[in-house]
Every structure is written in structure tokens, then in C-alpha cells.
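Since the structure comes first, as C-alpha cells, the remarks are kept for the end.
The values are calculated or read from the model by the stated rules, or taken from the named source; none is laboratory data. These numbers were taken from a predicted model, which means no experiment stands behind them. Cβ atoms come from the backbone with ideal geometry, glycine included; neighbour counts cover every protein chain shown.
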Amino acid sequence: MVNRPGPRSLTRAQQARRQRVLDAAMALALEGGYEAVQMRDVAARADVAMGTVYRYFTSKDHLLAASLVYWVGQLDARLAQVPAEGSSAAERVIEALDRALRSMARQPRLVGAVFTALASPDAAAIECQQQVSVLMEGIITRAIGNPQPSDLSDRARILGHVWYSALVGWVNGWSNMNRVHDELVVAIGLLLPSDVYAEV
């Protein structure tokens with residue numbers, strides 16, 4: 001298996017080319033969903049050679065899964081600058097996750113494409129799955145704030161799984177954003193009840 005350079009190991013020019021490839025893939029997915037993202041079209045839109053695309057991304061699924069890593073990373077940065085508000089951990093977490101849901105609802109084809117790729121057995125896509133999980137756990141942990149339950153990491157990780165699985169229902173057409181929100185509210189109520197801090 002060929003090791004691909006990570007974003008942090010790239011020069012500034014290489015990072016810019018890699019980002020152009022990500023932007024091109026997301027633009028194509030936004031327009032036409034998963035099927036619209038073809039590596040040759042990505043290269044043409046990004047104005048790079050096909051070899052450049054494959055230098056950074058092993059496959060279409062890797063590229064789209066990496067796009068979700070980038071998107072969630074951007075959400076994480078925005079929430080760090082403008083934290084979720086609320087008088088309780090539960091209120092802050094649902095507010096943070098609702099920001100993500102509102103953004104996703106505006107671009108269903110893109111979300112469908114990246115979630116399809118994220119479910120791929122491709123080894124590089126699986127690595128992206130893990131990165132998304134870590135980012136979501138961080139977003140939820142920061143929203144919970146202090147005081148923190150002793151099993152904070154477990155609770156945050158499970159909430160990230162609920163977020164993902166609820167969105168899969170929306171992507172596949174058998175759910176809607178209101179139901180996704182409601183399922184998150186139920187999960188947050190169970191995992192972050194007001195008495196959770198009695199354990200701290």
C-alpha cells in the first residue's frame with residue numbers, strides 16, 4: 001500500500017493544489033451528487049494533471065471522504081471561534097450539531113456524495129472515517145464544556161455515531177432533517193441528562 005502525504009507534510013504550493021482538487025470534487029458533487037464526481041472531471045476543474053489528483057487521493061471515495069473531513073474541520077474551526085450557546089451541556093451540543101444540520105440541508109447532493117464515500121471499504125476512506133469521528137468527538141466535547149462527566153469521551157463518541165447514523169437515513173431518503181434533529185435531541189437527553197454532573 002502506497003503512503004500518501006498528509007496535508008501537514010505538504011509544501012504550501014502542494015497544499016494549494018490539494019485544496020483545489022477538494023474544492024473541485026465538492027463543486028461537482030454539489031451539482032450532481034456522487035455519480036457526477038469523476039476523477040478526470042475533477043482534474044479538469046481543478047486545472048491539474050490526473051497524476052496530481054492521484055498523488056493525493058487514491059480513489060474517488062478517498063477524495064470525497066477527505067472532502068467531508070475538510071468540511072467537518074471547517075465546522076470545528078467556526079465553532080471554536082463562535083462557540084455554541086446554551087445554559088446546559090445538552091443545549092450547547094444540540095446547538096452545535098444543528099449548525100451542521102442546517103448547512104447540510106442546504107446542499108443535499110454534496111452530503112449524499114460524501115456520506116456514500118465515507119461508507120466505502122477503501123482503506124484511505126476508512127482513515128477519513130476515523131478522522132471525521134475524532135473531529136466530531138472534539139466538537140461535542142467542547143460544546144459539553146465544564147464540568148465534564150468522567151466518561152466524557154465515551155458519551156461524545158456515541159453522540160457522534162448517532163449523528164452519523166441519523167444523517168445516513170436522511171441521505172438515503174427514508175428520513176428528514178426534522179427527524180434527524182429529534183433523534184439527536186433524544187440521544188443527547190439520554191447521554192447528557194442534568195444529573196450527569198453528579199458523577200464529577
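What to note about this one:
- In summary, PHE115 fulfils each of the numbered conditions (1) outside any helix (DSSP H, G or I); (2) closer than 23 Å to THR58 by Cβ with the single exception of condition (1).
- For the stretch 166-183, the count of residues that are out of contact with any helix residue (DSSP H, G or I) (no Cβ under 8 Å at 6 or more places or on another chain) and either assigned to a helix (DSSP H, G or I) or touching a residue at least 60 places away in the same chain (Cβ under 8 Å) (or both) is at least one.
- Subset of the stretch 33-58 [surrounded by fewer than 17 Cβ atoms within 10 Å (Cβ to Cβ) and either out of contact with any helix residue (DSSP H, G or I) (no Cβ under 8 Å at 6 or more places or on another chain) or farther than 20 Å from VAL69 by Cα (or both)]: GLU35, ARG40, ASP41, ALA44, ARG45, ASP47, ALA49, MET50, GLY51
- Looking across the stretch 70-116, the residues that are among the small types (Gly, Ala, Ser) and over 23 Å from GLU183 (Cβ atoms) come down to GLY73, ALA77, ALA80.
- Screening the stretch 46-99 for residues that are within 16 Å of the chain's Cα centre (by Cα) and polar (S, T, N, Q) and picking the one that is nearest to LEU110 (Cα to Cα) gives SER67.
- Only listed residue being more than 24 Å from SER103 (Cα to Cα) and either without any contact (Cβ under 8 Å) to a residue 60 or more places away in the chain or among the acidic types (Asp, Glu) (or both), chosen from ASP61, ASP41, ASP76: ASP41
- All positions within the stretch 139-156 that are surrounded by fewer than 17 Cβ atoms within 10 Å (Cβ to Cβ) and either part of a helix (DSSP H, G or I) or touching a Lys or Arg at 6+ places or on another chain (Cβ under 7 Å) (or both): GLY145, SER153, ASP154
- When the stretch 80-99 is filtered for residues that are buried (at least 19 other Cβ atoms within 10 Å of the Cβ) and part of a helix (DSSP H, G or I), the ones remaining, listed by number, are ALA89, ALA90, ARG92, VAL93, ILE94, ALA96, LEU97.
- Residue identified as part of a helix (DSSP H, G or I) and modelled with pLDDT of 95 or more among ARG102, ARG109: ARG109
- Flag: ARG8 matches the condition of being part of a helix (DSSP H, G or I), at pLDDT below 95 and over 22 Å from VAL185 (Cα atoms).
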